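These notes are about the structure you will find just below.
The values are calculated or read from the model by the stated rules, or taken from the named source; none is laboratory data. Fair warning: this is a prediction, and the values are worked out from it, not measured in the lab. Here the Cβ is made from the backbone with ideal geometry for all residues, glycine too, and neighbour counts use every protein chain on show. Side chains are part of the model used for accessible areas, which takes the heavy atoms of the whole protein and leaves out ligands, DNA and RNA. Shrake-Rupley method; radii C 1.70, N 1.55, O 1.52, S 1.80 Å.
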Amino acid sequence: MNLAEHLPALQVALPLLTAPLVILLRAGFLAWFSAFLASLFSFALSVQLTIAVLQGGTLEYWIGGWEPPYGISMVVDGFSALVLLLITGASTLALAGGRLSLRRDIDNRRAPMFYGAWLIAVAGLCGIAVAGDAFNVFVFMEISSLATYILVAAGRDRRALSAVFKYIMIGTIGATFYLIGVGFIYMMTGTLNFADMAVRLEDDMDTRPIVIAAGFITIGLALKAAIFPLHIWLPRAYTYAPDAVTVFMAACSTKVALYILMRFNYEVFHGNLLGHSELFTAFVIPLALTGILVASAIAMFQGNLKKVLAFSSIAQIGYITLAAGLTSEAGLMAALLHMFNHALAKGGLFLCAMAFVFTAGSSALSQLQGIGRRMPWTMAAFVVAAMSLIGVPGTAGFISKWYLIVAVMEWNTWGPALVAAIVISSLMAVVYLGRFIELAYFGEPPAGNAGLLEVSIPLRCLIWATALLNIGFGLFPQLPLALATDGTARLLGGLY
Amino acid sequence: MTTMLIGIFLLSLLVVTAFAIVRATELFSAVMLSGIFSLLMALNFFILDAADVALTEAAVGGGVATVLLLAALKLTPPAEAPSRGLSGLSVVVVAVTTLLMIYASFGQPSLGDPDAPAHGHVASWYIEHTPELIDIPNTVTAVLGSYRAYDTLGEAFVVLTAGIGVMFLLGGGRGKPFSRLQTGTAEGLSQHLIPKVVARILIPFILLFALFIQFHGEYSPGGGFQAGALFVAAMILFTLVRGERRALAVITPRALLLMSAGGAFLYGLVGLAGIATGGQFLEYNTLASDPIAGQHLGIILIEFGVGVTVTGVLLSIFHAFIARD
Amino acid sequence: MSLVLDLLSGLLIVVGALFVLSGGIGALRMPDFYTRVHGSSLTDSLGPVLILVGLMLEAGASLVSVKLAAILLFLMITSPTASYALCHAALQSGLKPRATKLNTSSPASGEEQKLQ
Amino acid sequence: MILLVGAVAILVTMALALTRAVLGPSVYDRVLAVNMFGTKTVLLIAITAFAMDRTDFLDLALAYALINFIGVMAVLWFVHESDLRERRKRGEEPGGSQQ
Amino acid sequence: MEILGLFNYWAFAVLLMVGLYALISKQNLVKKIMGLTIFQSAVFLFFITTSKLEGGTAPILQAGKDWTIFSNPLPQVLILTAIVVGISVTALALAVVVRINEEYGTIEDDEILAKDREA
């Protein structure tokens, strides 16, 4: 028995099987601790998988020993490894950093259920990242979504409940649209396996059912990924979820939907894409651009730090779709890199936001005035992560922005105009983040709250570790680059 | 041909019911109409040769969903607020979608078309090879329990997640018991003599039938989920006529939680056992000396796991709803 | 012998179907709730009996007949109980039967009160 | 042929019951319609099982017969509980509902 | 005849539309959930339609019978899973609605929105 060859299955099974044990626990701390440990081990598994992929190329795993397409297979390439690292890393980070914050948000008696749901969410997202079967993606999408609804509903504000209801409705529409699309493809091909679909779709790519299927799948996943203008569930869900949950979600949940969207559009529909790549680009790019500009503009006028960051997330998802919509190798590289780097930056920002909220008791900007002077360490880390989000040279964000600009420039004559739009939106990011930073350093704190009040040292270390990662991956971007190159090669494998 | 016409008639009724559900302003009426909707849907499934699905739809739609909707309705206002008529944007959105789909339908294989791609390839492979590879008569169970066992694992965990969510939101589980037992209102219909007597006669039969569905699933329609739902239906009937207090004395909240978690965990363990015995995750061939025996053992175990989880979770959900005042 | 059985079974099924149909018409055409229950519950007891017995004759002595007998038994127990429960619930919630006498001045006074 | 006659009669009855469910007027009429519909479903499944030569599917009819009953009991319970809630809201003693 | 064979798809399209309409435009949250149920059921119907095979029977062998044509088991398996997913979502959504009613005192979407705006 060689455990190494079972890594893809264990990656899903470990968090999944820990969850039922966690809900049997009585005490909050124990539940948190087991969830943290499971998350940490999952992260270790992801690292192992990444190493295996970097050394040996794409891994394939046949569940139950049945050969695909008869059985369900798992496929792990560079792109999946990158997403897996994000999921497990973000979960571990959020659990480690959010212990106190979560202890305040979730009362002790309900904590085992909460952490059980957390682990199931992790397992569900990992399940999507390694899936090689279209229906299996649906099942795990629903697992992760249901668990995420629970996590969001745990927010202390009652608005968390109305936000989560909207999220459930839209999330289910998205998943069901996806299912319809898969049904159409199944009807025309008789298979559910991604690779097999791609082969069998070669012949009748342009039949009406397939075009409709592509439409349903794209819209469904766009709903899940909160691509503008289908983003309406995201700001409120991010804002009213418990702060630690936001750290986790912001770093990975929409990314996973984007991941599967790109898988579908590039691997399964590659024949279609090849014939219509201009049409596809002409459809995606304007939407993505509007999304970037509108969401950035809205972010500038929000009165709540978490909402600012949430709208910024929508804008950043716009960058990723923009890059992916170029249907070029450089574009895909940029999309994959930005997925990774944005998760780093946004995870760091929300982590700092969590610390602020923990101290100030609210995420309203008016309550956070002067917080920078009260929490200098955390604030400094926030500034670093903000620079990464804006794309200042030397940070991780710069790398992906650079790749994005290169990809856009080589696209066609409209390239410079797009570059201008990207620069403008980056300036907008400077405004909405700078606005908070200014207010945090120079604002007058609310009465009676003037003293120095930092969060605990371990949390500060964690926040700074995230900030340093932003710089580290900016200076030494080999790991994400290698994974993105591998992922891009596979995504484009059928295209050229 | 006759079946097709019957199907078309049933589908027309189905569409009428759907419109009626949307139009009904009293939520109770809407729940009743969705009961009819579910029955019609199940009949359609039956006509289309999907016996397992029809059984599931009956147990879920007619039984569990109706009861849950009623339990939720008890806690919420009874009628919809007067609406402001049709909303323009949504009418446009849905109309466009429908037209698109009807447009797409003309490129689709007609009902029952033997040349449809869906029937070849994977599906015919299942029909052909199941007798030699797994050797159980019910191909649906074979696909569900073995070829696509990983999806079914996901299904068990979806159910568990829903249970976790409801217990998290409404109470239940180790730390937070169902709240209403302290007050004196948890007696159900125990004053109504006739239903009580009839239920007392029926419940053992339903339980027996549930066990039959559970362990006969390889030979006839049925399996863990349907059996669990039937078991739950029996326990719901018991709760309704005898009161929550007695019902929770029969299966304690702690046992419910153990069942919810234990069934799903058992399923996962079977998967890991595949790895431990030298196969892949969820591979049953290696569970016993003979691959076929291994397949049988694996399928029985995972079906049992699903049944236990479904029973535990759905009952927990039910109790969580009705315990809320 | 088999012909007699077939004929008998066919007759039972057709008559049962007629009863079922009349129950449906009754449920639609009767004037108020309680009379509708009356119409549908009576035929719901007799119609299924005839149809299921007809099917049993067709199946002969086998496991199928046993299953049909079980269905029949359950329907015989549950159907009247359901009608009882339903009427009880209706009465409890205040739905009054329309029991108008000939000399009552306003015949529609008891019509379909909904207190729910 | 005979089975077809039976099936058609049941289908028509279903349509009638559905009409009653849609028309109402009281909620109990709708419950009645659901109950009728359930019985007809049992019968239709039994008949089509014979027509399709799949008499092993009579299990389904059995399941429907059982489930249908639980639905009606749930309605009775719902009315009973709502009644109790009403009474408690109005400050009366609970449990006085039995005649 | 050929056209009648497409009736299932049309019923699917209409049901999907009705469910989606209720889901988008109804204000009452319970009605929204019911719309969601219809919406999902439509998809189940679609999948099962693809599984039917003319002259076939349910894919469950029986001793003593020698059927040769069977309907497709795979969509049935998928829909079994999807039905379970559907009821799970419904249960969770209902629990959220119950909590919303406790916190806001209403289950009408517009009133909830108004109360959110106040805060």
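Output the number of residues of the range C:9-45 satisfying the condition of being at pLDDT 90 or above, of a type in the set (A, V, I, L, M, F, W, C) and open to solvent by 50 Å² or more (accessible area, probe 1.4 Å).
So the answer is 5.
Which condition from (1) under 23 Å from the mean Cα position of the chain (by Cα); (2) buried (at least 22 other Cβ atoms within 10 Å of the Cβ); (3) in a helix (DSSP H, G or I) is the one that A:Val22 breaks?
Only one criterion is unmet by A:Val22, namely (1).
Keeping to the range E:18-59, report how many residues are open to solvent by less than 20 Å² (accessible area, probe 1.4 Å), more than 24 Å from B:Asp115 (Cβ to Cβ) and in contact with a strand residue (DSSP E or B) (Cβ under 8 Å, 6 or more places away or on another chain).
Number of matching residues: 2.
Restricting the range E:64-84 to residues that are of a type in the set (A, V, I, L, M, F, W, C) and more than 7 Å from every other protein chain (Cβ to nearest Cβ), which is surrounded by the most Cβ atoms within 10 Å (Cβ to Cβ)?
It comes out as E:Trp67.
Are any residues in the range C:1-18 more than 9 Å from chain D (Cβ to nearest Cβ) and not aliphatic (A, V, I, L, M), and if so, which ones? Please lay out each step first, then the result.
At the first step, the residues of the range C:1-18 found to be more than 9 Å from chain D (Cβ to nearest Cβ) are C:1-5, C:7-8, C:12, C:15.
Within the range C:1-18, C:Ser2 is the sole residue that qualifies.
Between a first residue in the range B:188-199 that is at pLDDT 85 or above and a second residue that is part of a loop (DSSP other than H, G, I, E, B) and open to solvent by 10 Å² or more (accessible area, probe 1.4 Å), which pairs have beta carbons less than 8 Å apart while being 6 or more apart in sequence or on different chains?
So the pair list comes out as B:Lys196/B:Ser190.
Considering each residue of the range A:219-245, count those that are modelled with pLDDT under 90 and closer than 26 Å to A:Ser73 by Cβ, and give that number.
0
To keep it simple, each residue is scored yes or no on (1) within 19 Å of the chain's Cα centre (by Cα); (2) hydrophobic (A, V, I, L, M, F, W, C); (3) outside any strand (DSSP E or B).
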| residue | (1), (2), (3) |
| --- | --- |
| A:Arg26 | no, no, yes |
| A:Ser42 | yes, no, yes |
| A:Val47 | yes, yes, yes |
| A:Glu60 | no, no, no |
| A:Leu93 | yes, yes, yes |
| A:Leu100 | no, yes, yes |
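Out of the range A:391-443, which residues are farther than 30 Å from A:Arg373 by Cα and either acidic (Asp, Glu) or part of a loop (DSSP other than H, G, I, E, B) (or both)?
A:Glu410, A:Trp411, A:Asn412, A:Thr413, A:Trp414 - these are the residues of the range A:391-443 that are farther than 30 Å from A:Arg373 by Cα and either acidic (Asp, Glu) or part of a loop (DSSP other than H, G, I, E, B) (or both).
Every residue in the range A:357-415 that is among the basic types (Lys, Arg) and open to solvent by 50 Å² or more (accessible area, probe 1.4 Å), please. Break it down stepwise before answering.
Within the range A:357-415, the first condition is being among the basic types (Lys, Arg), and the residues that meet it are A:373-374, A:401.
Once the filter is applied, which keeps residues that are among the basic types (Lys, Arg) and open to solvent by 50 Å² or more (accessible area, probe 1.4 Å), the range A:357-415 yields only A:Arg373.
Hey, can you tell me all the residues within the range E:85-107 that are of a type outside the set (Ser, Thr, Tyr) and open to solvent by 10 Å² or more (accessible area, probe 1.4 Å)? Step through it out loud before you land on a result.
If we filter the range E:85-107 for residues that are of a type outside the set (Ser, Thr, Tyr), which is where we start, we get E:85-87, E:89, E:91-103, E:105, E:107.
The answer is E:Ile87, E:Arg99, E:Asn101, E:Glu102, E:Glu103, E:Gly105.
Taking the range D:30-55 as the region of interest, how many residues are at the interface with chain C (Cβ under 8 Å from one of its Cβ atoms) and surrounded by fewer than 24 Cβ atoms within 10 Å (Cβ to Cβ)?
Here is the first cut: in the range D:30-55, the residues at the interface with chain C (Cβ under 8 Å from one of its Cβ atoms) are D:31-33, D:35-36, D:39-40, D:42-43, D:46-47, D:50, D:55.
Filter once more, keeping what is surrounded by fewer than 24 Cβ atoms within 10 Å (Cβ to Cβ): D:50, D:55.
Selection size over the range D:30-55: 2.
Kindly establish whether A:Ile260 is within 30 Å of A:Trp414 (Cβ to Cβ), of a type in the set (A, V, I, L, M), within 22 Å of the chain's Cα centre (by Cα) and open to solvent by 20 Å² or more (accessible area, probe 1.4 Å).
no
What is the one condition in (1) more than 17 Å from A:Ile170 (Cα to Cα); (2) in contact with a helix residue (DSSP H, G or I) (Cβ under 7 Å, 6 or more places away or on another chain); (3) buried (at least 21 other Cβ atoms within 10 Å of the Cβ); (4) within 7 Å of chain B (Cβ to nearest Cβ) that E:Trp10 does not satisfy?
(3)
Among the numbered conditions (1) in contact with an Asp or Glu (Cβ under 6 Å, 6 or more places away or on another chain); (2) open to solvent by 10 Å² or more (accessible area, probe 1.4 Å), tell me where A:Asp196 comes up short.
All conditions are met except number (1).
Could you check the range A:226-238 and list, in sequence order, the residues that are surrounded by fewer than 24 Cβ atoms within 10 Å (Cβ to Cβ) and part of a helix (DSSP H, G or I)?
A:Arg236
Given the residues C:Ile71, C:Ile77, which is the only one that is more than 7 Å from chain D (Cβ to nearest Cβ), at pLDDT 80 or above and under 19 Å from the mean Cα position of the chain (by Cα)?
C:Ile77
For A:Thr176, are the conditions met, namely being open to solvent by less than 20 Å² (accessible area, probe 1.4 Å), over 24 Å from B:Leu100 (Cβ atoms) and of a type in the set (S, T, N, Q)?
Criteria not met by A:Thr176.
Could you figure out which of (1) touching a Leu at 6+ places or on another chain (Cβ under 9 Å); (2) in contact (Cβ under 8 Å) with a residue 60 or more places away in the chain isn't true of E:Gln27?
Just one mismatch for E:Gln27, condition (1).
Any idea how many residues of the range B:269-325 are open to solvent by less than 40 Å² (accessible area, probe 1.4 Å), without any contact (Cβ under 8 Å) to a residue 12 or more places away in the chain and part of a helix (DSSP H, G or I)?
So the count comes out to 2.
Within the range A:1-40, track down each residue that is in contact with a Cys (Cβ under 6 Å, 6 or more places away or on another chain) and within 9 Å of chain B (Cβ to nearest Cβ). So that I can check it myself, show each step before the final result.
To start, the set of residues in the range A:1-40 that are in contact with a Cys (Cβ under 6 Å, 6 or more places away or on another chain) comprises A:11-12.
Hit for the range A:1-40 is A:Val12, nothing else.
Can you name the residue in the range A:25-52 that is closer than 15 Å to A:Leu85 by Cβ and aromatic (Phe, Trp, Tyr) and is also surrounded by the most Cβ atoms within 10 Å (Cβ to Cβ) among such residues? Show your work before the answer.
Our first condition is that a residue be closer than 15 Å to A:Leu85 by Cβ; within the range A:25-52, this holds for A:39-52.
Those still in the list that are aromatic (Phe, Trp, Tyr) too: A:41, A:43.
Values: A:Phe41: 17, A:Phe43: 20.
Restricting to residues being closer than 15 Å to A:Leu85 by Cβ and aromatic (Phe, Trp, Tyr), the top hit is A:Phe43.
For the range A:406-445, name all the residues that are of a type in the set (Gly, Ala, Ser) and under 23 Å from A:Val294 (Cα atoms).
A:Ala407, A:Gly415, A:Ala417, A:Ala420, A:Ala421, A:Ser425, A:Ser426, A:Ala429, A:Gly434
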